[in-house]
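Colleague: Okay, handing you the structure first.
The values are calculated or read from the model by the stated rules, or taken from the named source; none is laboratory data. It should be emphasised that the depicted structure is a prediction, and the values quoted were computed from it without experimental measurement. Heads up, the Cβs are rebuilt from the backbone with ideal geometry, glycines too, and the neighbour counts pull from every protein chain shown.
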């Protein structure tokens, strides 16, 4: 058992084994922020969901809970590591679904892209345009 542990440590340090990519979501805070099992706060990259007391806040928060709370997600970093509040900025995947784009496409958030982080800008804008054109969620003209 000790030999296997030592070999894994050597492979990890040498770069032959990637660090784990799956992170368990312990709590959703709102429609674009959640906490993983390491205690780190994650701010979903590329989106801005309604804040507390804003229109569609509750719905956006509930939808993100349905999608990722108590599930294992994959996180991907762009150029910016953290926001001004110390939260990790990451694109979020559940299986092969990009949660960032899904929240936009369903109208639970709006595109919010940092100048240095344009890796998926076109994908995110396309997803938002779908919600806008179909008057979904925050884009519902009746509200």
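Colleague: Among residues belonging to the stretch 51-60 that are part of a loop (DSSP other than H, G, I, E, B) and touching a strand residue (DSSP E or B) at 6+ places or on another chain (Cβ under 9 Å), point out the one that is surrounded by the fewest Cβ atoms within 10 Å (Cβ to Cβ).
Modeller: Let us first name the residues in the stretch 51-60 that are part of a loop (DSSP other than H, G, I, E, B), namely 51-56.
So of that shortlist, the ones also touching a strand residue (DSSP E or B) at 6+ places or on another chain (Cβ under 9 Å) come out as 51-52.
On the way: 51: 11, 52: 9.
The selected residue is 52.
Colleague: Let me ask something else about it. Scan the stretch 81-89 and tell me whether some residue there is under 9 Å from the mean Cα position of the chain (by Cα), within 20 Å of residue 128 (Cα to Cα), modelled with pLDDT of 95 or more and crowded, with 19+ Cβ neighbours inside 10 Å. Quick ask: steps written out before the conclusion?
Modeller: Taking the stretch 81-89 first, the residues under 9 Å from the mean Cα position of the chain (by Cα) are 89.
The next check asks that each one be within 20 Å of residue 128 (Cα to Cα); those that pass are 89.
Filter once more, keeping what is modelled with pLDDT of 95 or more: 89.
Checking the rest, the ones that are also crowded, with 19+ Cβ neighbours inside 10 Å come to 89.
Taking every residue of the stretch 81-89 in turn, at least one turns out to be under 9 Å from the mean Cα position of the chain (by Cα), within 20 Å of residue 128 (Cα to Cα), modelled with pLDDT of 95 or more and crowded, with 19+ Cβ neighbours inside 10 Å.
Colleague: In the stretch 37-61, what residues are farther than 14 Å from residue 104 by Cβ and within 11 Å of the chain's Cα centre (by Cα)?
Modeller: Passing the criteria: 41, 42, 43.
Colleague: Let me ask you something else. Within the stretch 8-50, can you find the residues that are part of a loop (DSSP other than H, G, I, E, B), modelled with pLDDT of 95 or more and over 18 Å from residue 101 (Cβ atoms)?
Modeller: Keep residues of the stretch 8-50 that are part of a loop (DSSP other than H, G, I, E, B), which gives 15-21, 31-32, 37-40, 45, 49-50.
Then drop every residue that is not modelled with pLDDT of 95 or more, which leaves 31-32, 37-40, 45, 49-50.
If the condition is that a residue be part of a loop (DSSP other than H, G, I, E, B), modelled with pLDDT of 95 or more and over 18 Å from residue 101 (Cβ atoms), then 37, 38, 39, 40 are the ones that fit.
Colleague: State all residues of the stretch 112-143 that are surrounded by fewer than 19 Cβ atoms within 10 Å (Cβ to Cβ), in contact (Cβ under 8 Å) with a residue 40 or more places away in the chain and not in a loop (DSSP other than H, G, I, E, B); if no residue qualifies, say none.
Modeller: Matches in the stretch 112-143: 112, 121.
Colleague: Of everything in the stretch 32-50, what is buried (at least 24 other Cβ atoms within 10 Å of the Cβ), closer than 17 Å to residue 138 by Cα and in contact with a helix residue (DSSP H, G or I) (Cβ under 7 Å, 6 or more places away or on another chain)? Give them in sequence order.
Modeller: If the condition is that a residue be buried (at least 24 other Cβ atoms within 10 Å of the Cβ), closer than 17 Å to residue 138 by Cα and in contact with a helix residue (DSSP H, G or I) (Cβ under 7 Å, 6 or more places away or on another chain), then 46, 47, 49 are the ones that fit.
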